Amino acid sequence: MKPQVLTPPRATASLATVKKGEELYQRYCGGCHGDVAVSGGVLPDLRYSGALANQHWLRIVRDGVLGLYGMVGFSKEMSRQDAEAIRAYVIFRANQSLAENPETYK
């Protein structure tokens with residue numbers, strides 16, 4: 001299996017949005033996808049998700065398009081703005097991980 005490469009979009013969200021996203025991530029996502037957006041290896045590490053860079057993120061998180069693979073949709077639990085805040089947090093964490101240790105993630 002080809003190793004993943006961390007290539008996140010540029011982080012552009014405000015600190016307030018990232019903080020809100022962190023709180024929401026820990027509530028809704030962390031139990032499966034890992035604390036502070038670092039997967040333990042069983043489920044996907046969202047820092048590597050190609051959906052971070054496009055609107056497919058919302059289809060996955062809110063609409064549940066990956067329901068057949070176990071990823072439920074959260075349209076009843078969170079707004080579009082909440083899902084975008086989570087994305088902003090994961091993008092922030094991906095960029096943070098890359099900046100802290102670039103050789104590990106390439």
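The values are calculated or read from the model by the stated rules, or taken from the named source; none is laboratory data. Just so you know, these numbers come straight off a predicted model, no measurement behind them. So basically every Cβ, Gly included, is an ideal-geometry build from the backbone, and we count neighbours across all protein chains shown. SASA here: full protein model, heavy atoms, side chains in, ligands and nucleic acids out. Shrake-Rupley method; radii C 1.70, N 1.55, O 1.52, S 1.80 Å.
Assorted remarks:
- Residues of the range 33-63 classified as farther than 19 Å from Ser97 by Cα, open to solvent by 20 Å² or more (accessible area, probe 1.4 Å), modelled with pLDDT of 95 or more and not charged (D, E, K, R), total: 2
- Taking (1) without any contact (Cβ under 8 Å) to a residue 12 or more places away in the chain; (2) open to solvent by 60 Å² or more (accessible area, probe 1.4 Å) in turn, Arg10 satisfies each apart from (1).
- Number of the condition not met by Gln81 [criteria: (1) at positive phi; (2) outside any loop (DSSP other than H, G, I, E, B)]: (1)
- Residues (more than 13 Å from the chain's Cα centre (by Cα), open to solvent by 100 Å² or more (accessible area, probe 1.4 Å) and closer than 22 Å to Phe74 by Cα) located in the range 13-26: Lys19
- Flag if Met78 is open to solvent by less than 60 Å² (accessible area, probe 1.4 Å) and free of Cβ contacts under 8 Å to residues at least 40 places away in the same chain: no
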